[in-house]
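The values are calculated or read from the model by the stated rules, or taken from the named source; none is laboratory data. Everything quoted here is computed from the prediction, not taken from an experiment. No Cβ is skipped: glycine too gets one built from the backbone with ideal geometry, and neighbour counts run over all protein chains shown.
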Amino acid sequence: MATSSETLVTTAGNAQADSDYMHYVEGVGHVPRDIYKHVLSDPLGDLPRYSIHIVIQHFLIFITFITLAATGLPLHFGDLFWAPIILAPLGGPDSARIIHRISAGIMIVAALYHFITIAIGTYSKLKKHKFNLLHSQIPTLKDLNDIKHDIRYFLGKEQYRPKMGKFMYKQKLHYLAIIWGTFVMIVAGSTLLFPEAMAKFWPNPEFAQDLARLMHADEAIMASAVVVFWHWSNVHLVPGRFPLQWTFLTGRITREHQIEEHFLEYIDKLKDDPKEKEYLISVLKEKGYKTEGGEV
Amino acid sequence: MSLKRAARLYIVGFIFIVLNFYPSKNLFSADVGNCLLCHKYPGLSRIDEQGKMKLLYVNEDIFNISVHLKVKCEGCHTDIKKIPHDPVNKVDCLVECHIVEPSSEQKFSHKDVDNYVKKSVHAALDKYGMPKKFKEDLPTCKNCHDEPLYRPLSFFKQVRPGISEAALGRCRVCHKKEDFIIRFYNHVTTRLHRTRNPINIAEVCARCHDDPLLVERHNLGTRAVFSYGETFHGKAARFLDERVPDCLDCHVNTGESVHQMLSHKDSAAITYRENKYLACSNIECHPGTSQQFASYKVHAEFNLDQSPVQYYFTLFFIILTGGTLLPLMAIIFLDLIRRLFPDAVIPRRR
């Protein structure tokens, strides 16, 4: 089978093949990119998105992140009125410190676990020649372009959202931020937790200690802000996903969401999914589009 | 300043008694001159020259459990010779009182303390005997000692403040006079541990050492209490942790008087660059610390003048946070608007 990006090229000359709007899929026909407005979606998710490993990793990070923030921030801002209020149910500052360290340990394990999952997954994809940059978390120029088009769409200057892969620009940015953030927090946190050992490790320990102090707190504030205002808005507040996007537990994404924000992934997966093809054909037919293989 | 604080002392003390923090016991009487005849009335007060109300009430119950309980009122207020009395002078903490120090059998005074202060960085005269610039900024006894902090130790089973009835029971086996027992119990036990929380000590110093003008006048490198609060020590102190070092633990050479603190530029000071690690490696703190470890900042104040790199680093993070979050929020906002009003268009201007 040819790689996906090749088959995605729409066949010119077709009556409906407005190359931007329609997307040709063998055995289905031309799929309009805003078909998501007409498909059925189960809020719990229709199509697979994350493996069980990723779901577990997200869960671990989710729990440890909240715990770390809930213990770390009041310890750092001990002079503010809310600090003791948060710390009291955790058993006061002493036990909050212990909880903070244990959570950090679990987060590091989760990060390693993730790293291994990704490394093995990528390796096996590369081996099978199935690795597709388009569906990876690696940022490309296309993402910049997607941002531009998406903003134009939001402003009403374009009719459709860009066609995006498995991870759209938002997610790539967020993923990078998490990698950077976790790295910074682990390095700074260890510098603070093991002052004597790290004094031997860093070339300029005095300076490293200062930076670690600043970084650990500043990065924590930044990460918390991004998670609360950005990540939670994305997965909770967006109409259609309110009050909760279940992907983080089910590992599945709704059909509507996938077609809208990850169109290329949908099309790509469609080719190997006869049941989904059948379903899509029925929707297309209902909406009066021409289809192929229409013995449904 | 000290008057106002003294008034606060008595008011705070009064509240303590009302809350029945300490049992009110009428154990001793220093009131030979019958001062309390008038001063026992809680309403006794006057408006001073600055227009502030000055409370002249003395709570006898508190006075009687204070360190000075054996000192007669006139022992400190030496200028009062007759009753009713004339306006009084300020008390000199260094007067000799009628108390006799038992080991030397000399009349007692705090002159020794003053000698320590004179040798310390807080001395009003510099090492050539010349008055320091802005010597009015230097602390006197009353600047530092305006809080009644008298926290007897109870370590019969657990370390916790308060008089341990169980321990007193032991004294009663041999000693018969209740006031003797309690007085000496307090006398000794208050000195066996910290009488104040690290944060309380810091507060004593804060009124000068967090005053940016004073810091600048005396060319000090940092607002010391603020910068202490920026470190793990200060943060823990704020949670009333007593295991962390307070100002005295680091600035007082082991075994010397707390009144003899030296400048960190003085090579005899424990805070001197080469000596610092000795303070850190105290057996109760970080035994066996290295010089590198001791180089970590214990007064972490990252301002533009002293630590430009750290300062810009913080700024970078602020900009990074704002710079990522705001555009991201803008995108979310636009996305949301588009979802809520799918057909909205921006009207074109001509």
Positions within region A:115-154 being part of a loop (DSSP other than H, G, I, E, B) and in contact with a helix residue (DSSP H, G or I) (Cβ under 7 Å, 6 or more places away or on another chain), in sequence order | A:Phe131, A:Asn132, A:Gln137, A:Pro139, A:Thr140
The residue from A:Leu134, A:Leu155, A:Leu126 that alone is free of Cβ contacts under 8 Å to residues at least 12 places away in the same chain, over 26 Å from A:Ser103 (Cβ atoms) and more than 10 Å from chain B (Cβ to nearest Cβ) is A:Leu126
Quick one: A:Tyr160 ticks every box in (1) modelled with pLDDT of 90 or more; (2) out of contact with any helix residue (DSSP H, G or I) (no Cβ under 6 Å at 6 or more places or on another chain); (3) within 13 Å of another protein chain (Cβ to nearest Cβ) bar one, so which box is it?
-> (1)
Any chance A:Phe115 is within 13 Å of chain B (Cβ to nearest Cβ) and farther than 30 Å from B:Phe232 by Cα | no
A:Leu47 versus (1) surrounded by fewer than 14 Cβ atoms within 10 Å (Cβ to Cβ); (2) in contact with a helix residue (DSSP H, G or I) (Cβ under 8 Å, 6 or more places away or on another chain): which is the lone unmet condition?
-> (1)
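Okay, residues lined up against (1) more than 30 Å from the chain's Cα centre (by Cα); (2) buried (at least 17 other Cβ atoms within 10 Å of the Cβ); (3) at the interface with chain A (Cβ under 9 Å from one of its Cβ atoms):
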position: B:Val298; (1), (2), (3): no, yes, no
position: B:Asn303; (1), (2), (3): no, no, no
position: B:Arg338; (1), (2), (3): yes, yes, yes
position: B:Val345; (1), (2), (3): yes, no, yes
Top-ranked residue in region B:265-286 [being free of Cβ contacts under 8 Å to residues at least 60 places away in the same chain and farther than 24 Å from B:Ala236 by Cα; ranked as surrounded by the most Cβ atoms within 10 Å (Cβ to Cβ)] = B:Ala269
Given (1) within 13 Å of the chain's Cα centre (by Cα); (2) at pLDDT 90 or above, index of the condition A:Phe183 fails | (1)
Do any helices (runs of 4 or more DSSP H) lying entirely in region B:195-288 carry at least 1 residues that are polar (S, T, N, Q), and which ones are they?
-> B:198-209, B:224-229
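One line per residue, one yes/no per condition, for (1) within 26 Å of B:Glu136 (Cα to Cα); (2) without any contact (Cβ under 8 Å) to a residue 24 or more places away in the chain; (3) out of contact with any strand residue (DSSP E or B) (no Cβ under 9 Å at 6 or more places or on another chain); (4) surrounded by 18 or more Cβ atoms within 10 Å (Cβ to Cβ):
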residue	(1), (2), (3), (4)
B:Ala202	yes, no, yes, yes
B:Cys205	yes, no, yes, yes
B:Asp211	yes, yes, yes, no
B:His218	yes, no, yes, no
B:Gly221	yes, no, yes, no
B:Ala224	yes, no, yes, yes
B:Arg238	no, no, yes, yes
B:Asp246	yes, no, yes, yes
Is it the case that B:Gly288 is closer than 18 Å to A:Ala177 by Cβ and either more than 9 Å from chain A (Cβ to nearest Cβ) or within 31 Å of the chain's Cα centre (by Cα) (or both)?
-> no
Within region A:87-96, residues part of a helix (DSSP H, G or I) and surrounded by fewer than 17 Cβ atoms within 10 Å (Cβ to Cβ) come out as A:Ala88, A:Pro89, A:Gly92, A:Asp94, A:Ser95
When the residues of region A:65-80 are filtered to those that are in contact (Cβ under 8 Å) with a residue 12 or more places away in the chain and of a type outside the set (A, V, I, L, M), which remaining residue is farthest from the other protein chains (Cβ to nearest Cβ)?
-> A:Thr67
Does A:Gly189 satisfy the condition of being within 30 Å of B:Arg273 (Cα to Cα), in contact (Cβ under 8 Å) with a residue 12 or more places away in the chain and either away from every other protein chain (no Cβ under 11 Å) or in a loop (DSSP other than H, G, I, E, B) (or both)?
-> yes
Name the pairs whose Cβ atoms lie under 6 Å apart, with the first residue in region A:240-253 and of a type in the set (Phe, Trp, Tyr), the second modelled with pLDDT of 80 or more, and 6 or more positions between them or separate chains?
-> A:Trp246/A:Leu44; A:Trp246/A:Gly45; A:Phe248/A:His58
B:Ser281 vs (1) more than 11 Å from chain A (Cβ to nearest Cβ); (2) of a type in the set (S, T, N, Q); (3) farther than 24 Å from B:Cys208 by Cβ: all pass except (1)
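Does A:Asp272 satisfy being acidic (Asp, Glu) and not in a helix (DSSP H, G or I)?
Details: acidic (Asp, Glu): yes; not in a helix (DSSP H, G or I): yes.
Here the answer is yes, as A:Asp272 does meet what is asked.
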Tabulated pairs, region A:222-237, first facing chain B (nearest Cβ under 10 Å) and within 17 Å of B:Ile337 (Cα to Cα), second β-branched (Val, Ile, Thr) and assigned to a helix (DSSP H, G or I), C-beta under 6 angstrom, 6+ apart or interchain | A:Ser233/B:Ile332
